[in-house]
Amino acid sequence: MSFTSLKELIELAGKEKTTISELMIKTEVEQKGDRRETIIEKMSEQFTVMEEAVRKGTISPVMSRTGLTGGDGNRLYQYAKNGNSIINPITLHVAANALAVSEVNAAMGRIVATPTAGSAGILPAVLVHALDSGNFTRAQIVKSLFTASALGLVVANKASISGAAGGCQAEVGSATAMAAGTLVELAGGTPEQVGNAVGIALKNSLGLVCDPVAGLVEIPCIIRNGLHALTAEAAADMALAGIASIIPPDEVVHVMHEVGQQMPESLRETGIGGLAGTPTGQKLKEQILSKKTSDGGPAKYQSAYEIIGPVMVGPSSSHTAGAVRIGNISRQLLNENPLYVKFSLMGSFAETYQGHGTDLALLAGVLGLSTMDDGIPNAKKMAEQHGLQYEFTKRVLGSYHPNTVLVELEGATRRVKVLASSLGGGKVEVQELEDYPLKFSGERPTLVIRHNDRKGVIAELSRALYQKGFNIASMVNERSKMNGPAITVCELDNKIEENVLAVLKKEIPIIDEIVLVQTK
């Protein structure tokens with residue numbers, strides 16, 4: 001299953017007389033080689049994090065790290081309980097749920113990117129609401145997350161889930177479409193109705209700009225999550241009522257991509273235009289940044305957990321989770337404790353890194369932290385404790401994704417230079433290593449091998465990995481010149497133990513160094 005066409009997904013579900021969720025589970029089992037029970041248990045853990053965020057932000061007020069926003073999830077929840085709301089109080093709970101998750105995210109609490117942190121309130125809001133209705137079991141809700149991930153994979157592969165690349169329509173719009181389609185299947189709707197819900201929801205989000213005030217995932221992101229959770233439920237009911245998306249959902253996704261490409265850069269997560277550019281927006285930016293709160297190629301999306309995930313400490317999947325992963329990959333490539341690091345940021349990274357906590361996230365990754373580590377907000381203090389010196393600069397790095405950074409890292413005996421991009425939803429891609437154009441994500445176990453170029457070396461490496469039972473998912477090689485220094489990167493389907501590296505180096509004397517890299 002390629003997950004590049006909603007039409008293909010819907011037709012396959014119809015042909016096999018199964019659900020979209022079952023197609024996704026089957027694909028995940030085939031890709032990961034894990035048992036069905038293991039795959040579902042992992043998704044259950046993701047839902048637990050989602051539900052905890054909903055409960056945390058509705059039952060009691062949660063304030064953002066900046067103090068700019070907070071408490072609205074609890075405020076709306078309490079208002080709905082009074083029973084005097086204009087819309088049905090039970091329905092209003094879904095908006096409160098979405099506000100709550102977004103506020104936990106803004107407080108750098110633990111959430112699940114669905115598909116991004118900026119839109120992380122919508123899917124948890126509608127699914128926890130469905131659970132609370134008593135009409136569905138927890139097992140049904142967990143299974144429905146595979147529906148959401150399949151729909152999100154198509155959007156991510158055909159268009160974008162990055163605000164920096166496609167505006168807020170790519171984040172909140174995608175999440176709304178995923179939630180709407182998921183609710184339809186959960187309620188027993190047909191695959192065709194699932195597609196109609198996606199089309200209806202996404203059409204309502206076309207042109208939605210990404211204009212975070214002060215570069216923070218707070219204003220207007222939190223309110224948008226609340227309102228679009230209601231939109232998702234309405235779109236689902238429309239589809240279940242028999243209302244069709246006259247424009248086929250695949251065409252709607254394509255148009256979303258085109259609209260995103262036509263948006264000016266000022267409306268794509270840079271914190272320059274839109275609401276961020278208003279006098280009040282600029283005033284808030286100056287006010288927030290003066291507090292110095294920063295102390296506290298298209299991607300191939302294939303796995304359910306690239307859409308329902310990662311579990312992370314917020315506030316942004318691109319600027320926080322992705323940045324942590326880039327820093328972590330750089331540390332692994334250095335292969336020793338870092339003593340100095342220089343981060344050169346471009347595009348949206350450069351414009352909003354302080355508000356989004358990108359500086360903290362990059363440092364946290366270099367220090368060895370993962371996306372879900374509670375220590376991310378304290379990364380600068382940790383750097384001081386570990387004797388790690390650092391600096392941040394802004395720089396034009398080339399025609400790459402707007403969220404791109406050059407990491408120059410030094411240890412006691414080694415140094416490494418990594419150019420990498422955060423593509424959305426926590427997904428990253430290394431663009432260059434030591435100025436070699438070597439692309440890899442680190443999602444799979446990845447061998448980075450330094451050696452001299454000579455005839456037959458690629459065949460020799462491939463044969464050695466094959467003989468040890470490893471399957472190569474992708475391989476890329478670059479050399480400085482014929483018979484000169486070269487680097488080969490092999491992404492593997494199998495897990496690999498560190499002791500295998502020493503064996504490979506011994507068996508292939510031409511290898512100068514071999515390092516295992518994998519994102520956490």
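Tabulated results
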read-out	value
Residue check for Ser85: open to solvent by 10 Å² or more (accessible area, probe 1.4 Å) and polar (S, T, N, Q)	yes
Any hit, the stretch 499-514, residues being exposed (fewer than 12 other Cβ atoms within 10 Å of the Cβ) and within 30 Å of Thr371 (Cα to Cα)	yes
Leu360 in a loop (DSSP other than H, G, I, E, B) and open to solvent by less than 60 Å² (accessible area, probe 1.4 Å)	no
Tabulated pairs, the stretch 329-351, first basic (Lys, Arg), second assigned to a helix (DSSP H, G or I), C-beta under 9 angstrom, 6+ apart or interchain	Arg331/Gly365; Arg331/Val366
Which listed residue is open to solvent by 50 Å² or more (accessible area, probe 1.4 Å) and closer than 30 Å to Met108 by Cα, from Leu208, Leu227	Leu227
Filter result (in a helix (DSSP H, G or I) and modelled with pLDDT under 95) within the stretch 112-155	none
Among the residues listed as Ser421, Ser462, the single one being surrounded by 13 or more Cβ atoms within 10 Å (Cβ to Cβ), under 18 Å from the mean Cα position of the chain (by Cα) and of a type in the set (S, T, N, Q)	Ser421
Cβ pairs under 6 Å, 6+ apart, first in the stretch 257-282 and under 24 Å from Ala117 (Cβ atoms), second open to solvent by 50 Å² or more (accessible area, probe 1.4 Å) and assigned to a helix (DSSP H, G or I)	Thr270/Glu351; Gly271/Glu351; Gly281/Leu275
Residue in the stretch 59-76 that is out of contact with any Gly (no Cβ under 6 Å at 6 or more places or on another chain), among the acidic types (Asp, Glu) and in a loop (DSSP other than H, G, I, E, B) present	no
Any hit, the stretch 340-348, residues being in a helix (DSSP H, G or I) and modelled with pLDDT of 90 or more	no
Inter-residue pairs, beta-carbon under 6 Å, first over 20 Å from Glu251 (Cα atoms) and in the stretch 6-23, second among the small types (Gly, Ala, Ser) and assigned to a loop (DSSP other than H, G, I, E, B), 6+ apart	none
Members of the stretch 369-398 found to be part of a loop (DSSP other than H, G, I, E, B) and within 21 Å of Ser421 (Cβ to Cβ), listed by number	Leu369, Ser370, Thr371, Arg395, Val396, Leu397, Gly398
Matching strands (runs of 3 or more DSSP E) fully within the stretch 440-518 where at least 1 residues are at pLDDT 90 or above and among the acidic types (Asp, Glu)	472-479, 485-492, 511-517
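The values are calculated or read from the model by the stated rules, or taken from the named source; none is laboratory data. Note that the structure is predicted; figures quoted are calculated from it, not measured. When we count neighbours, we look across all protein chains shown, and the Cβ atoms used for this are built from the backbone with ideal geometry, even at glycine. Each accessible area value is taken on the protein alone, full model and side chains, heavy atoms only, with ligands, DNA and RNA left out. Shrake-Rupley method; radii C 1.70, N 1.55, O 1.52, S 1.80 Å.
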